[in-house]
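What follows is a set of notes on a single structure, which appears directly below.
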Amino acid sequence: PMSRAEQRWWQRPGWALFLLVFCAYGYFYQAGGWNQNSRFDLTRAIVEERRSSIDSYHKNTGDKACRGPKGRCVKAGPDDHYYCDKAPGASWMAVPMYAAVYAIAGPERPDKGFLAVAAHLSTVFAVGLVSAAAVVALWWLLLAMGVGGLVAFVVAASYGLATLAFPYATLFYGHQSTAAMLLIAFALLVKLRREEWEAGPLGLVGVGALMGTAIIVEYPSALAVLAMGVYVLAWNRSWKRLGWLVLGGLIPGLACAYYHYALFGG
């Protein structure tokens, strides 16, 4: 068994673990595929044109939907529009970074060089950042479960740098950001159950928002959120605590519902 001094030492390097994986994720840039382009097109449309149809950018991707007053279309007519055919969460998460870069770039935007830099930074912000935080969350989770400090550190670093989490954390997909948010939320719920975290209303709303945002980034993650909900119901005895969690999940859920209503009428 490790001594208390050794355990305390290994409980300090969370920031180092975060920087290690975050810099690794940020170093690589993978773009140009239909999946990435479709999501980035929606980000650009929101920032540049204040709308959610990608009519001005759709030619760079086949991952798109054409819809209009008569429903689905093959080629957009005067009243039809092209849309990103992905869940909108990942594109929304990239909006703050792209808006900042777009504002800084000034009148020279958006040439190819600008778009490459902007897409890279948007990917790092929307995917790499939360993915690196999830590696630290895994480290927390392992420590909470009684795993030794050194082993917990090595396992968390191995997850971040020696599994498919690594390449997906460098792609503007929804896969890894969804997995990361679910992992962070679950780690916090475990700490809450073990009374290692005194979460107030704001913290509980934040955990619920993580789970809700995971769904609007990749809809199938609702199955994982359902499992996590069952986990909470198995030990939680506070309806107030449950209510704050649900409220947090409703915020991104309602935003996504409004997005679909505004674009597609339902």
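The table for this structure:
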quantity: Close pairs (7 angstrom Cβ cut-off, 6 or more residues apart or separate chains): farther than 15 Å from LEU138 by Cβ and at pLDDT 95 or above in the range 7-28, open to solvent by 50 Å² or more (accessible area, probe 1.4 Å) and assigned to a helix (DSSP H, G or I) anywhere; calculated: ALA24/LEU161
quantity: Restricting the range 54-79 to residues that are over 11 Å from ASP41 (Cβ atoms) and crowded, with 16+ Cβ neighbours inside 10 Å, the residue that is nearest to the chain's Cα centre (by Cα); calculated: ALA65
quantity: Of all residues making up the range 234-249, the number that are touching a residue at least 40 places away in the same chain (Cβ under 8 Å) and either of a type in the set (A, V, I, L, M, F, W, C) or touching a strand residue (DSSP E or B) at 6+ places or on another chain (Cβ under 8 Å) (or both); calculated: 4
quantity: Test for ASP41: is it of a type outside the set (Gly, Ala, Ser), crowded, with 21+ Cβ neighbours inside 10 Å and not in a strand (DSSP E or B); calculated: yes
quantity: Residue within the range 45-65 that is in a helix (DSSP H, G or I), of a type in the set (Phe, Trp, Tyr) and in contact with a helix residue (DSSP H, G or I) (Cβ under 9 Å, 6 or more places away or on another chain) present; calculated: no
quantity: Every residue from the range 41-91 that is touching a residue at least 60 places away in the same chain (Cβ under 8 Å) and of a type in the set (A, V, I, L, M, F, W, C); calculated: ALA87, ALA90
quantity: Per-region count, the range 85-107, residues part of a helix (DSSP H, G or I), open to solvent by less than 60 Å² (accessible area, probe 1.4 Å) and not hydrophobic (A, V, I, L, M, F, W, C); calculated: 5
quantity: Check on ALA199, more than 17 Å from the chain's Cα centre (by Cα), within 18 Å of ALA137 (Cβ to Cβ), surrounded by fewer than 22 Cβ atoms within 10 Å (Cβ to Cβ) and at pLDDT below 95; calculated: yes
quantity: Residue check, TYR82 under 30 Å from TYR261 (Cβ atoms), open to solvent by less than 40 Å² (accessible area, probe 1.4 Å), over 15 Å from the mean Cα position of the chain (by Cα) and of a type outside the set (Lys, Arg); calculated: yes
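The values are calculated or read from the model by the stated rules, or taken from the named source; none is laboratory data. Just so you know, these numbers come straight off a predicted model, no measurement behind them. Cβ atoms come from the backbone with ideal geometry, glycine included; neighbour counts cover every protein chain shown. For accessibility, only protein heavy atoms count, side chains too; no ligands or nucleic acids. Shrake-Rupley method; radii C 1.70, N 1.55, O 1.52, S 1.80 Å.
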